Structures are given as C-alpha cells and as structure tokens.
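The values are calculated or read from the model by the stated rules, or taken from the named source; none is laboratory data. None of these values were measured; they are calculated from a predicted model. Cβ placement follows ideal geometry from the backbone for every residue including glycine, while neighbour counts extend to all protein chains displayed. Areas reflect the complete protein model, heavy atoms only, side chains present, ligands, DNA and RNA absent. Shrake-Rupley method; radii C 1.70, N 1.55, O 1.52, S 1.80 Å.
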Amino acid sequence: MKFVISGTGTDIGKTVLAAGLCRMLGADYWKPLQTGVLAATEDAPEDAPETAGGDAATVARLSGARIWPGAHVLPQPLSPHRAAELAGVDIDLPRLRAIPPSPRLIIEGAGGVLVPVTRQLLFADLFAQWGLPVVLAATTGLGTISHSLTAIEALRARGVPILGVAFIGAEDEDNVATIGQIGRVRVLGRLPRLAPLTPESLERAMTAHFDAGDFE
Ligand SMILES: Nc1ncnc2c1ncn2[C@@H]1O[C@H](COP(=O)(O)OP(=O)(O)OP(=O)(O)O)[C@@H](O)[C@H]1O
Ligand SMILES: C[C@H](N)[C@H](N)CCCCCC(=O)O
Ligand SMILES: [Mg+2]
C-alpha cells in the first residue's frame, strides 16, 4: 500500500490527516520536500522551534510512524522551487524520484497539487512519474468546491489516479456530496478539527470517520 497525500492548498491539514492514516494503516511516512524549517544542525538548540522538524516531526509525534528522510529541508516558508533558489540549492530530482522501499508508505507533498518542485516540474507531474494514487485532502467550508474540482482536474489531466477526497473541517454535507458527485471521486471521510489534538484524539477521530479498507 503506497499513496500520496496532496491537497487543495497549504495549511489545510494534510499532515495531521497523514499522521492519522499512518497510525490507522500502520504505514511509514515520507515528506520529500519540507520548506519553512531549518535543517537540524549541530549548533541549533534542540528545542528551537525553527528546527522543530516540520511535518515529519508532527507525524512522528502524532502517530509514532517510521519516518523516511526527505530529500530537502529548506528554511524559507515558500514554494519549494523558490525556497531552493533562495537557499542556493539544486533540487535533487533523482533523489525525489526514488521512493523509499517501504511496503506501506504515505507520501506528503507540499501545499497543493500544482506547487512547483522546480520551475519545470510541478508536484502533480512528480505524482504521475511516481505512478502512485493520490488522496486529495480538502477543507469543507466555502471555497472548497472550486478548489477541489480544480485539483481533481489537474490530477486527471496528468493521468494521476485519485483514491478519493478526504475532508478536514466542520460538517458540510452538501459541499462534500457535491464534490464527490461532480468530481466523480470517492468521499473517503471527514476529519473534524480536534481540540485538543493528541495521538489519542486523532486515533479516535480516524476510527470514527474513516474506513481503513478504503485505502488498501
Ligand atoms: N484535524 C485537525 N484538528 C486540529 N488542528 C488541525 C487539524 N488539521 C490541521 N490542524 C492544524 O492546522 C495547522 C495546519 O495543519 P497541517 O500542518 O496539517 O497543514 P498542511 O496542509 O499539512 O500544510 P503544508 O502545506 O504546510 O504541509 C497546524 O497547526 C495543525 O496542527
Ligand atoms: C510553507 C508552507 N507551509 C508549505 N510547506 C509550502 C506551500 C507552498 C505553496 C505555494 C503556492 O501554492 O503558492
Ligand atoms: Mg503538511
């Protein structure tokens, strides 16, 4: 079982959803490109927030999943193509194309489906090269219909299979049904916003709102 989690945008809850799925499915996690985080260095204080380790650290904390090392950790909280340019880093495409050899793996992109890895390669193009299905993470509120249908079209235009849409946010029955119906995609479930967000609250919510069988 291997799939990608991408989304309709950034900051929508892909990482928390990924943590919940890693725990529920007993899967490892890979974040090939992380921006907005300083790579942990020997002189950075352990608890310095900027070296908190980004999404991989969040997934490890919330799920205990095995984390595979990413290709790049870039300091500027920007699109990877720009964060790499500002850091004077050439994106290592062969490294990005080499998916970790884990039999059960969840891979998280950065931001939404058309975020540039480089100015010549978008994440959706990389997903197509990987040949893996995508779980599209989407919010439930106003604006999500066009964002979701746009992301679905962009993936389909590249022949990227879509396992379904996993929603994050408050209940909105008609938005969810509309996206499933017009987008011709399976609705995988909805993860509510959790307070507090803990490994236990996340595990309970995943069990209540998703079916592991939908991801196998
Ligand atoms: N279900 C949830 N319940 C409570 N808080 C959440 C939930 N999902 C996400 N959050 C919070 O919202 C913020 C953004 O979530 P997250 O980091 O998962 O977004 P993302 O889509 O992975 O962003 P990026 O594009 O940077 O990878 C974080 O502070 C996270 O803790
Ligand atoms: C910094 C942020 N948290 C993500 N890691 C990167 C999001 C890139 C978004 C690019 C864009 O769509 O404008
Ligand atoms: Mg994330």
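Treating each Cα of the range 139-202 as one equal point scatterer and applying the Debye formula with no solvent, the log10 of I(q)/I(0) at q = 0.16, 0.23 Å⁻¹ comes out as -0.55, -0.93. For the chain, find the longest principal axis of its Cα atoms and tell me its angle to the long axis of helix 144-157, 0 to 90°, nearest 10. Tilt relative to the chain: about 70 degrees.
Using the Cβ of Arg66 as centre and a radius below 13 Å, the other residues enclosed give a net charge of +2, where K and R count +1 and D and E count -1. Think of a 1.4 Å ball rolled over the protein heavy atoms: the range 85-142 then has 43 Å² of accessible area per residue.
Each peptide in 140-147, 16-23 gets a packing score, the mean of other Cβ atoms within 10 Å over its residues, and the list from highest to lowest is 16-23, 140-147.
The GNM of the chain, with springs linking C-alpha atoms under 10 angstrom apart, assigns the highest mean-square fluctuation among Ile179, Ile152, Ile99 to Ile99.
Rolling a 1.4 Å probe over the protein heavy atoms of the range 110-216, with every protein chain left in place, gives an accessible area that is 53 percent carbon and sulfur.
Across the chain, Cα-Cα pairs farther apart than 28 Å form 24% of the total.
Compute the long axis of helix 54-63 from its Cα atoms, compare it with the longest principal axis of the Cα atoms of the chain, and write down the angle in degrees, 0 to 90, nearest 10. The answer is roughly 60 degrees.
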